[in-house]
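Single-structure report; data block below.
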Amino acid sequence: MSTLRPLLAIAGAFILSSCGAAPPSTIRDLAALDGVTSGITGLPLTTASADARNHFLQGQRELDLGRFFEANDHFKRAVAADSTFAIAYDNVANTGNSLEEFKTNLARAEQHAAGASDAERIQIQIDRRGFENNVSGQLALAQQLVLKYPDSPRAYLVLGNLQTALNRSADARASISKALGLAPRLLIAHTDIGNSYLNSEPKDFTKALEHFQHAEALAPNEPYMHDLLGDAQRALNDMPQARAEYTRGHELNPRDASLLQQRGHVNSFAEDYAAARADYDSAMALGRGNERAAFAPFRAYVSAYAGDTPGAIAELNRLVAEVDGMGLPDPRGLKINALTNVAVIAIHTGDFAAVDAALKQRRPLMMQQADRAGSAAFRRAQEANVASFDAWLAARKGDYEAARRATDRMAALVAPDANPRKLEPVHQLRGFIALYQGNSQDAVAHFAQGNLNDPYIKYYYAVALEGAGQTEKAKQLFREIATYNFNTLGYALIRKEAQQKSS
């Protein structure tokens, strides 16, 4: 079970990639893979159908191994075999390709939850709380799950994932370590703790690599293991080895487009922009589900890395115009994502005509998405997001009073959320308002309370520190950002400046 809402899923039609003629997929030893994935649980499954149980466990195996489309197919087969299988509906929701698929299957899970075990009901309730922006409620439920099932490693992983979402890294690592103590061969426990060391402060890239290597030893011919190993090598700034890992992962499963996308990231950082675009083109052509449009923004980021932000905006606007005709599961969400990218670039560069046009298209799409969700909390989140862009744009234009009003509106919208991190975006906005006015001290105070795992926010925190005279601390942050090596739009916009300031 995932604690996140996958509103934009990945990966369609098989073609040959830019690697040349693709070799056949490696034959998989499913019994051995079951032994390090779905064969280890400690949580009950409520179904009288052997076929449904079998498909659910196959779906769990594929989910642990990062094969999300295959997992979704097995979970759908599970509910086809048993239409009352509540936790299988929950997993259909969590591996789905659209907001509609998530919402519909979560509702079906709740409809049948009365006949499920308490463990299954708790997991379903966790996902409902997530849809309601109630992270504190999710955490309380995960703690209940661990108390009721203290011998289940997966219960501790549910808890650890929620602690990670709350930036409680020490607690998360303790929970995942408990899972490893109960089941040292549970592959996903190794990948979860590796991702914690990779992505959450305090980071330790060497420990991340060690855990990913342990996972790879448990499932040596699984593409996802090489995806993770590539990520660790990127973090360690070993780009040739990262490229080799992603290439090997794609060779193991030529239908998996995501590894080509990952290799495109490496080529972007290496400033081999032609190779990066070729990898993204191959990934989009190969992609399933929403992947053809979900990978497209990364191709546009290549122009941003190259310093051609108008070119990036033009490419993203072409995507917006084409999405509806691409036959994708969630075109509205993909269009919102592309327009969001346009707005971020245009605000950053001061292209106010471009950002005004993007936000004019984006607002009604956001509200349409809220209508489809049918949730008051989801609508508030959408409205808060709209207010945040209004505030940032006003600040960038120098209308600081309008920026403060929009920021206050956002703060009021998120106030009901039971989420300790809900004010991070508010502090980020107040940081920009202060920084744009030359008030570095206030900017430092606000950015310090933002999401410093976001390299764009971390960069401007460092800029504010530099302006406030804290040059050594700023320099250290610039050095960390300069070799971040993970592909986000914000990073594409500030990477060169961070590298200049780090020297």
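Using only the Cα atoms of segment 138-222, build the gyration tensor, take square roots of its eigenvalues as a ≥ b ≥ c, and label the shape rounded, prolate or oblate: rounded if a/c is under 1.5, else prolate if a/b is larger than b/c, else oblate.
Because a/c hits 1.5 or more and a/b fails to exceed b/c, segment 138-222 counts as oblate.
Which order, highest average first, do 183-194, 139-150 follow once you tally other Cβ atoms within 10 Å for each residue and take the mean per peptide?
183-194, 139-150
Please sort 377-390, 415-428 by packing, taking for each peptide the average over its residues of neighbouring beta carbons within 10 angstrom, highest first.
Numbers: 377-390: 20.0, 415-428: 18.0.
Put in order of decreasing packing, that is 377-390, 415-428.
Where in segment 334-372 does the amide nitrogen come within less than 18 Å of the point 7 Å from the Cα of Glu100, taken along Cα to Cβ?
Those under the cut-off are 334-337, 365-372.
Please state, rounded to one decimal and in Å, the Kirkwood hydrodynamic radius that segment 336-450 gives when every pair of distinct Cα atoms enters the mean of 1/r.
After inverting the pairwise mean of 1/r, the radius is 14.5 Å.
What accessible area per residue, rounded to a whole number of Å², is obtained for segment 355-503 using a probe radius of 1.4 Å?
43 Å²
What accessible area per residue comes out for segment 144-301, rounded to a whole number of Å², with a 1.4 Å probe?
Accessible area per residue: 34 Å².
Going out from 0 in 10 Å bins, what whole percent of all Cα-Cα distances in segment 290-388 drops into each bin?
Once binned at 10 Å, the Cα pair distances of segment 290-388 give 16, 46, 32, 6, 0.
Share of the chain's accessible area from carbon and sulfur, percent, 1.4 Å?
Looking at the chain in its full context, I get 51 percent from C and S.
Tell me whether segment 48-108 comes out rounded, prolate or oblate; compute the Cα gyration tensor, take square roots of the eigenvalues as a ≥ b ≥ c, and use a/c under 1.5 as the rounded threshold.
It is oblate, given that a/c is not under 1.5 and a/b is not larger than b/c.
For the chain, state the semi-axes of the equivalent ellipsoid (square roots of 5 times the eigenvalues of the alpha-carbon gyration tensor), sorted largest first and rounded to whole angstrom.
35, 27, 24
Output the direction-averaged projected area (hull surface divided by four) of the convex hull of the alpha-carbon atoms of segment 41-154, in nm². The partial results should precede the final answer.
Details: hull surface 26.4 nm².
Here the figure is 6.6 nm², rounded to one decimal.
Do the sum for the chain: with -39,500 (n - 2.57) for every DSSP H run of n ≥ 4, divided by all residues, what is the mean residue ellipticity at 222 nm, to the nearest 500 deg cm²/dmol? Intermediate results must be reported in sequence, preceding the final value.
On the way: 27 runs with 359 residues, N = 503.
Result for the chain, helices only: -22500 deg cm²/dmol.
Just name one of Gln369, Thr349, Leu359: the one whose Cα is farthest towards the positive end of the charge dipole of segment 330-407 (beta-carbon charges, Lys/Arg +1, Asp/Glu -1).
Farthest towards the positive end: Gln369.
Ranking request for peptides 59-69, 39-49: highest mean number of other beta-carbon atoms within 10 Å first, then the rest in descending order.
So the peptides 59-69, 39-49, ranked by packing, come out 59-69, 39-49.
Classify segment 132-185 as rounded, prolate or oblate, taking a ≥ b ≥ c as the square roots of the eigenvalues of its Cα gyration tensor: rounded when a/c is under 1.5, otherwise prolate if a/b is larger than b/c and oblate if not.
Oblate is the answer for segment 132-185, as a/c is 1.5 or above yet b/c matches or exceeds a/b.
In a solvent-free Debye calculation with one equal scatterer on each Cα, what is log10 I(q)/I(0) for segment 196-314 at q = 0.14, 0.16, 0.23 Å⁻¹, listed in the order of the q values?
Here log10 of I(q) over I(0) equals -0.60, -0.77, -1.24.
From the Cα trace of segment 408-503, what convex hull volume per residue do you get, rounded to a whole Å³?
100 Å³
The values are calculated or read from the model by the stated rules, or taken from the named source; none is laboratory data. Note that the coordinates shown come from a computational prediction; the quantities given were computed from them, not determined experimentally. Methodologically, a virtual Cβ is constructed for each residue, glycine included, from the backbone with ideal geometry; neighbour enumeration extends over all protein chains shown. Just the protein is used for accessible areas: all its heavy atoms, side chains included, with ligands, DNA and RNA removed. Shrake-Rupley method; radii C 1.70, N 1.55, O 1.52, S 1.80 Å.
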